[in-house]
Amino acid sequence: MAAHALDGKANVVLIEREDALTHSMATLRAATLGGTTYKEQMRVPYNGLLKRGRVVQGSAESVTPGKVKLTGGEEIPADYIIMATGGRGFHFPLQAQGKTTAEYNAMLDAARDQIAEAGSVAVVGGGPVGIEMAGEIKAAHPDKPVTVVHSGGALLSGNVQPTDPRLSASLLRQMEDMGITVILNARMQTLPHGESAGVSSAICSTPGQSHSLSNGNPNPIANPTLTLALTRTLTLTLTLTLRDRSYTR
C-alpha cells in the first residue's frame, strides 16, 4: 500500500472511509458461519498502519491541486496527492461500505442467521465469488438445497482472463459431488435489490417468490429461500424466504 510504503519518507495522510481493511473473500465464510474468529481475522484496523503519518476516516468530496476536501467540509493540504480509489465497490457482505467494524460485525451476524434459517438457496452467477459462496453455504448446511444459475456454458466463463476448460469441468464435478445443482446457459429474468443498515446489501427477503429463467425453462426456480446473484461486475444479491425457524443441519 502506498501510504505504508511512504510512511517515514514523507508526512502521509491516508483518507479512508472505513476503519479497517476488509479481506473480501473471507467475508463469504464470515457471513455464512459468523463467529468472532472469522470476523477478527478478516478485518485489519487502519489505526496501526502508519507510524509517522495519520489516518483520517472520511470520504473525499473533491480533489484540487494542493488539497483534498472531505465530505463535511474539512480540507487537507498536500504537496502530492495519490488517488487510489480502487475498483467498483461491492455490496455487503463483501465490503463494509463505510460502516464501523462493530456495525459491520452486527450485519454479518444477521446475515449468518438469515442464511441458517433459509430453506433453499439459488446462486445466480457461476464466477469465483458465486462458486465460493455456494460451497460455503453447502458446507455449513449440507442438507440445504443449493442451485447455481450461470449465464455461460461453463463455470467461470465470465472471467476477464480465459479459463482452462479443465478447471471449469473440475469445479462442476466438485459442486455436483457436494449436492449443488448447476444450471448453465441461463439467467434469472429479474434480480431484487437488498439493503442492510442503510447500505446496499446482498441479502433481500422475497417471501413466496419464484424466479423465471431466460432460457425458457418451463420450471422456474420456485420459492428459493435464498438467492445469491453475482454478475460480471461482482455485485451480490441474495433473495430470501423463510420456511420455519428450524435449522437444516
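The values are calculated or read from the model by the stated rules, or taken from the named source; none is laboratory data. Please read these numbers as outputs of a predicted model, since none were measured by experiment. Here Cβ is always computed from backbone atoms with ideal geometry, including for glycine, and neighbour counts include all displayed protein chains. Ligands, DNA and RNA are excluded from the accessible area calculation, which covers all protein heavy atoms including side chains. Shrake-Rupley method; radii C 1.70, N 1.55, O 1.52, S 1.80 Å.
Got at least one residue in region 71-94 being open to solvent by 20 Å² or more (accessible area, probe 1.4 Å), within 20 Å of Gln57 (Cβ to Cβ) and assigned to a strand (DSSP E or B)? Yes, some residue in region 71-94 is open to solvent by 20 Å² or more (accessible area, probe 1.4 Å), within 20 Å of Gln57 (Cβ to Cβ) and assigned to a strand (DSSP E or B).
Looking across region 145-169, the residues that are in a loop (DSSP other than H, G, I, E, B), of a type in the set (A, V, I, L, M) and at negative phi come down to Ala154, Leu155, Val160. Among the residues of region 142-156, those identified as out of contact with any helix residue (DSSP H, G or I) (no Cβ under 8 Å at 6 or more places or on another chain) and either without any contact (Cβ under 8 Å) to a residue 12 or more places away in the chain or farther than 16 Å from Arg187 by Cα (or both) are Pro142, Asp143, Pro145. Within region 170-189, the residues that satisfy the criterion of being surrounded by fewer than 15 Cβ atoms within 10 Å (Cβ to Cβ) and assigned to a helix (DSSP H, G or I) are Ser170, Arg173, Gln174, Glu176, Asp177. For region 99-137, residues that are in contact with a Pro (Cβ under 9 Å, 6 or more places away or on another chain) and either part of a helix (DSSP H, G or I) or free of Cβ contacts under 8 Å to residues at least 60 places away in the same chain (or both) total 5. Looking only at region 21-60, residues that are over 16 Å from the mean Cα position of the chain (by Cα) and either aliphatic (A, V, I, L, M) or under 30 Å from Ala118 (Cβ atoms) (or both) come to 11 in all.
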